[in-house]
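Presented below is the structure to which this report refers.
The values are calculated or read from the model by the stated rules, or taken from the named source; none is laboratory data. None of the values given here were measured: they were computed from a predicted structure. Reconstructed Cβ throughout: ideal geometry from the backbone, glycine too, with neighbour counts over all protein chains shown. Calculation scope for accessible area: heavy atoms of the full protein, side chains included, ligands and nucleic acids excluded. Shrake-Rupley method; radii C 1.70, N 1.55, O 1.52, S 1.80 Å.
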Amino acid sequence: MKQSPAAIRAAVAAMFFMAGICFSSWASRIATIQQKLSISEGVFGAVLFAMPVGLMLSLPVSGWAVNRFGSRKVVCTALIGYAVALTGLGFMPSIYTLAANIMVFGFFSNAVNVSVNAQAVATEALFKKPIMASFHGVWSMAGFIGGGVGTLMIGNHIPPSMHFIIMAVVVVASVFICWRHLNDDRTPATEKKKAFAKPDAALITLGVIAFCSMVVEGTMFDWTTIYFKKVINATDANAGLGFTAGMCMMATGRFIADRFSARFGLKRTLQVSGALSLTGLLTVIVFPYLVPGIIGLMLIGSGISSVVPLVYSVAGRSTTMAPGPAIAAVSTISFLGFLIGPPVIGLLAEAFNLRISFAFVALMALFVIVFSSRAKI
């Protein structure tokens, strides 16, 4: 039975939401897990490097699988694996088993990222207006909700293991409900498609801009709660407020990104995004108190909200590459920033302190402004 575009859009949005729930659930309990295993910032930063390792291992598999089986089968399979890996993170008894599980978590995270954005590209083609940013807005909304649930779990002293099991059940149930409504974008056997493609200079530039923004985003996910506890000295009940506020503004910004970009242009939108992130980071660094910290995270969330969806949308309209390969190539560059940034922050925090490490993140926000100003877009 042929699905309506509205039904397909709703199902794809649900997959974005479940992907956001998985990652935000982990992010909201990072400080708890670090404290439980008594891991220092430097060691924990090294442990987080397992995630980029999982991403790199996933790249050839994800690209081949999407081209061979279609993104619908891949996103459903990867989301179930993502949920199972999330559950495992709550039970790891040592840094070694935690690192191994984080690597698996990173593997499925990238598989979901590639396949769900391929679903979004196919869905956007059904409409006469850009809707990519709205999908990412749903992902961010899930981050806001997941962060809020995490704060609630922490406040009620519910262990990460039970928290993650509950979230995994929700994710798996959603996959079984939505899978038949997703885009069936399998490639016919007679049509040969390349699993890998080299992006042109314009796409690489966009990927670098997104990479810098994703370093900021990844840091917000992985280190905000720890920063609020160790630098701002927030209580356990308030430690997640900055993360939740940032996710709220990130979701809001993504729901208006398409309209803002259409009015002011892509370059101006990216410049403003970088400026908001930079201002928010400087606020958090210079004024390490609860209220300024929350305001700073709201600015950061607003700043990073539009960069990635706009880059993916432009990549999907590339004149030199097909939409799917272009999205996959750019998302790979950008997602590396999302995964590599947080471990680097941990190493810098160990060598100096968390405030100094956040200054490095501010530099990434500045680079968004610089590269956006020089890009021919």
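Quick notes on this one:
- Pair list, Cβ < 6 Å and 6+ apart or interchain, from the range 231-257 residues that are closer than 17 Å to V149 by Cβ and touching a residue at least 12 places away in the same chain (Cβ under 8 Å) to residues that are in a loop (DSSP other than H, G, I, E, B) and open to solvent by less than 50 Å² (accessible area, probe 1.4 Å): M250/S305
- When residues of the range 2-50 are limited to those that are in a loop (DSSP other than H, G, I, E, B) and not aromatic (F, W, Y), the one farthest from P342 (Cα to Cα): K2
Per-residue answers, yes or no, for (1) open to solvent by 20 Å² or more (accessible area, probe 1.4 Å); (2) outside any helix (DSSP H, G or I):
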{"site": "S302", "(1), (2)": "yes, no"}
{"site": "Y312", "(1), (2)": "no, no"}
{"site": "A315", "(1), (2)": "no, no"}
{"site": "T320", "(1), (2)": "yes, yes"}
{"site": "A326", "(1), (2)": "no, no"}
{"site": "T332", "(1), (2)": "yes, no"}
{"site": "G337", "(1), (2)": "no, no"}
{"site": "P343", "(1), (2)": "no, no"}
{"site": "L348", "(1), (2)": "yes, no"}
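- Tally of residues being open to solvent by less than 30 Å² (accessible area, probe 1.4 Å) and among the polar types (S, T, N, Q) across the range 253-282: 4
- Applying the set (1) within 23 Å of V330 (Cβ to Cβ); (2) at pLDDT 90 or above; (3) among the aliphatic types (A, V, I, L, M) to I166 leaves exactly one unmet item: (1).
- Residue count, the range 52-66 (criterion: open to solvent by less than 10 Å² (accessible area, probe 1.4 Å), aliphatic (A, V, I, L, M) and at pLDDT 85 or above): 0
- Cβ pairs under 6 Å, 6+ apart, first in the range 339-351 and over 14 Å from A31 (Cβ atoms), second open to solvent by 60 Å² or more (accessible area, probe 1.4 Å): P343/F49; L348/F360
- Among the candidates V66, V61, V53, V84, the residue that is under 21 Å from V215 (Cα atoms) and assigned to a helix (DSSP H, G or I) is uniquely V53.
- Residue that is farthest from I145 (Cα to Cα), among those in the range 14-51 that are aromatic (F, W, Y) and open to solvent by 10 Å² or more (accessible area, probe 1.4 Å): F49
- Qualifying positions in the range 205-231 - open to solvent by less than 10 Å² (accessible area, probe 1.4 Å) and of a type in the set (F, W, Y): F221, W223, Y227, F228
- Qualifying residue in the range 130-143 (condition: outside any helix (DSSP H, G or I) and surrounded by fewer than 18 Cβ atoms within 10 Å (Cβ to Cβ)): no
- Residues that are open to solvent by 30 Å² or more (accessible area, probe 1.4 Å) and in a helix (DSSP H, G or I) within the range 88-114 comprise I95, Y96, T97, A100, M103, V104, F107, F108, listed in sequence order.
- All of G316, G280, G346 fail the test of being more than 18 Å from the chain's Cα centre (by Cα) and at pLDDT 95 or above, apart from G280.
Yes or no, residue by residue, for (1) at positive phi; (2) at pLDDT 90 or above; (3) under 22 Å from the mean Cα position of the chain (by Cα):
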| site | (1), (2), (3) |
| --- | --- |
| A99 | no, yes, yes |
| F107 | no, yes, yes |
| A133 | no, no, yes |
| F144 | no, no, yes |
| P160 | no, yes, yes |
| L182 | no, yes, yes |
| D185 | no, no, no |
